[in-house]
1. Between SER270 and GLU146, what is the label-point separation in nm under the 7 Å Cα-to-beta-carbon projection?
2. What translational diffusion coefficient, to the nearest whole µm²/s, does the chain have by Stokes-Einstein, given a Kirkwood radius computed over alpha-carbon pairs, a temperature of 10 °C and 1.306 mPa s viscosity?
3. Taking only the Cα atoms of the range 1-89, how large is their convex hull per residue, in Å³?
4. Between GLN181 and GLU282, what is 0.36 nm times their sequence separation minus the Cα-Cα distance? Round to one decimal in nm.
5. Using Cα-Cα distances under 8 Å and only pairs 6 or more residues apart, what relative contact order does the chain have, in percent?
6. Taking the Cα atoms only, what angle lies between the long axis of helix 36-48 and the longest principal axis of the chain, rounded to 10 degrees?
7. Based on the Cβ-Cβ distance of ALA28 and SER128, what FRET efficiency does E = 1/(1 + (r/R0)^6) give at R0 = 51 Å, to the nearest 0.05?
8. Using Cα-Cα distances under 8 Å and only pairs 6 or more residues apart, what relative contact order does the range 24-161 have, in percent?
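The values are calculated or read from the model by the stated rules, or taken from the named source; none is laboratory data. The structure displayed is predicted, hence computed values, not measured ones. Here the Cβ positions follow ideal geometry from the backbone for every residue, glycine too, while neighbour counts run over all protein chains shown. These accessible areas exclude ligands, DNA and RNA; they are computed on the full protein's heavy atoms, side chains included. Shrake-Rupley method; radii C 1.70, N 1.55, O 1.52, S 1.80 Å.
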Amino acid sequence: MAATKALEEELLKLLRQHPQGLTDDALAAALPHVKIEERVNAVNTLLASKRLQLLKASNNKLVYKEVAAEEAVKFKGLNTEEMLLYQCIKSAGNTGVWTKDMRIRTNLAQPQITKILKVLESRRIVKSVKNVNNPSRKVYMLYELEPSRELTGGAWYTENQFDSEFINVLREACYSYIQRQKDTSLGDIAAFIRSRGFSKVELRIEDIHTIVMTLVYDGRIDEVEPEGEDDNEDHYRPAVLVVPDSTALTDVPCGVCPVAGECREGGTISPQTCVYYDKWLEF
């Protein structure tokens with residue numbers, strides 16, 4: 001019994017040194033002093049206790065990998081089909097996999113997949129996540145993973161809803177900072193936003209740049225090219241010529257009037273009797 005336990009520990013130690021996994025032939029070569037029957041029995045015992053995983057490598061060869069003791073507790077009692085579906089979900093990473101793909105990859109029937117997912121979710125081994133681009137389709141991933149930005153929409157979505165209020169808060173914060181600094185870089189703006197803790201999720205420099213560029217397009221700030229050899233960042237300054245929200249020309253009522261086609265001089269609808277025209281002339 002002690003010899004069997006020692007062999008199991010030796011196998012685990014060997015696999016720990018090769019996190020990419022080892023084939024059965026590699027195990028045999030690394031343990032030439034161990035009889036094949038003893039090695040097979042030790043491997044089967046570790047597989048049954050969930051301390052080993054049998055996976056298919058990129059070269060289509062089967063390899064053994066160690067499972068940490070704390071991880072093995074989660075898998076205790078799971079059958080072969082449940083472990084198969086777990087491996088399928090694990091391989092999808094943080095982009096997740098939906099049930100149709102699970103069925104194709106595992107050859108399990110849909111009712112069986114549904115039943116297994118309930119078991120894995122109840123144990124907090126996997127979780128379901130909604131895709132912002134397709135809310136009716138749930139994908140599954142390992143419970144501890146953070147969903148990819150493609151799934152959640154990144155910083156601009158809260159509970160799968162586009163968060164326009166949050167975006168407006170960021171816009172005004174960036175604009176106020178640029179006004180105070182008079183001249184600043186994207187890196188400085190990003191550092192300011194992060195230091196104030198506006199977001200519960202990490203904002204990348206690309207996210208801050210997106211916000212800043214909306215201010216440029218709105219004519220509220222100017223983007224200035226780098227100045228000098230040591231300067232390799234664009235700078236942002238309050239706009240020299242601020243674009244007004246509206247002007248007399250952009251507010252001409254005729255452009256949006258639903259009965260403009262019936263408007264004529266002397267008619268029932270005419271410039272002389274138009275109440276909207278009178279209001280516009282008071283601009």
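1. 6.9
2. Approximately 63 µm²/s, per Stokes-Einstein.
3. 107
4. Additional length available on full extension: 32.6 nm.
5. 9
6. Its long axis makes an angle of about 40 degrees.
7. About 0.75, to the nearest 0.05.
8. The normalised contact order for the range 24-161 reaches 17 percent.
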